[in-house]
Amino acid sequence: MKVLYLRVVFLLLVFLIAVSCNQDPIFFTIAKEVKPLKPRISGSPTKMVEFDGALYVASGVNLYWYNGSWGSSNLNRGRIIDLAVTKNGGEYLYVLCSTGSGVNTALWRLEKGGGWQPVGNVSGYPQILSIHADPEHPRLFAGARTGNAANYAILYTDDPSDPLKIIYPDTQLLSGAASSDGTVYYLCTGGGGAFSVNGTAVTPLIDNAGGNNNLNFMGMIQLEDNTILAVERGGAFYKLNTTTPGEFESASIAIDRYSTGALALWQNPLDSDEKLLVAGIQSGFGSSTSYTYGYVEFNLDSSGSLSSGRNDPGYLRTVSDNDRYRATIGKRPINHLYQASDGIFFASTQVHGLWSYRDRGNNGPEWNAEE
């Protein structure tokens, strides 16, 4: 009986050792968990823009700004749903608000050193859903629709004192805008493809490889070498500033996961030659409901041009501890990314507020909610 007892104890110990060995990665991941902080900016924040020397972002009815410390204001104009910045003689911050009256929205403009002014809309398009601009150039673009119908148009204004005007009807929702010279602009839409705009002439662009003109683009970004990239929902990047009129081309890089549309340029605060393009991801596992989120990186050379190679989670260079990344922002869907002038990297998450990567005195820098 004693021998049987000893055998049972021995087998139980072997089983426990085997189980604990198999669970090492889980225990290690748990060990990398950090205490979640209550976000200063909760919910699903807007994209981030720089205006008058500060980083601006909004959530709910509040507009927030950061220039080393945070300030905020309730604009009392409804829920803020988008931000954009233009330069046209002066510097202008545009704030898109939902007025709380059905489909109606209102667009407001703040001039640097001035006050808030309303921007007139186009009759028949009461619901503006997105605003986009190249922050170094004058033109503002807006994606709008007629009521609840899925009938979208692209609106624009060049002069801050002018109302919005229609530049392209019957398309899909505007998802990005960029310009390298302030003369020709490039636009992308979620399902309506991409366009070039010269003055008021709009040219739909065709994928020169697949012949598509209705790709579902999630976002757009301009690199330091003036290359303009748009990312498609399936994760492929395309170059929009091609020299061939009416066409765009594959950029030969891909996320290999679904794209959330979050795109940002990152530079190592300690090494100005280390630069990356960062892209938000959503990755499902087959038919499972389990997803991973966070972001991947693409290498840029010291001039800011596309280099080679993609850095996946586990090999990221924007963080000092990849396991801690996996336990924090790697579990969060990211809508927008931005690196502030002081080097701090920010992320607007889908429902968990604004996050940042900084040293909080807990054994090095970490991704956590911005306090």
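Observations on the model:
- Cβ crowding within 10 Å, taken as a proxy for footprinting-reagent exposure, orders 306, 93 from fewest neighbours to most as 306, 93.
- At q = 0.16, 0.17, 0.21 Å⁻¹, base-10 log of I(q)/I(0) for region 248-371 (Debye sum, equal scatterers on each alpha carbon): -0.77, -0.87, -1.32
- Packing around the peptides 199-212, 49-62, taken as the average count of other Cβ atoms within 10 Å per residue, puts them in this order, highest first: 49-62, 199-212.
- Sites residue 250 and residue 273 - FRET efficiency at Förster radius 30 Å, r taken between beta-carbons, to 0.05: 0.65
- Taking only the C-alpha atoms of region 80-151, the Rg (one decimal) and the largest Cα-Cα distance, Dmax (whole number), read 12.4, 39 Å.
- Eigen-decomposition of the gyration tensor built on the alpha-carbon atoms of region 243-318 gives equivalent ellipsoid semi-axes of 24, 20, 9 angstrom, largest listed first.
- With q set to 0.08 Å⁻¹, the log10 of I(q)/I(0) for the chain, from the Debye formula over equal scatterers at the Cα positions, is -0.44.
- The P(r) of region 33-149 has a tail past 24 Å containing 27 percent of all C-alpha pairs.
- Measuring against 32 Å, Cα to Cα, the residue pairs 35/112; 35/87; 47/239; 38/239 contain 35/112; 35/87; 38/239 as the ones spanning a longer distance.
- The charge dipole of the chain, taken about its Cα centre with unit charges on the Cβ of Lys, Arg, Asp and Glu (plus for the first two, minus for the last two), comes to roughly 1620 debye.
- Additional length obtainable on full extension of the chain from residue 225 to residue 213, 0.36 nm per residue less Cα span: 1.8 nm
- Options 146, 180, 226, ranked by Cα towards positive dipole end of region 126-246, top entry (Cβ charges): 146
- Simple Cβ-charge dipole of region 202-327, Lys/Arg +1 and Asp/Glu -1, about Cα centre, in debye nearest 20: 400 debye
- The shape of region 127-282 can be summarised by an equivalent ellipsoid whose semi-axes, obtained from the alpha carbon gyration tensor, come to 24, 18, 16 Å from longest to shortest.
- When only the Cβ of Lys, Arg, Asp and Glu is charged (+1, +1, -1, -1), the dipole of region 289-371 relative to its Cα centre reaches about 220 debye.
Read-outs: derived from the displayed coordinates by stated rules, not from any lab. Being a predicted model, the structure only gives us computed values, none of them experimental. Cβ coordinates were reconstructed from backbone atoms using ideal geometry, including for glycine residues, and neighbour counts include every protein chain displayed.
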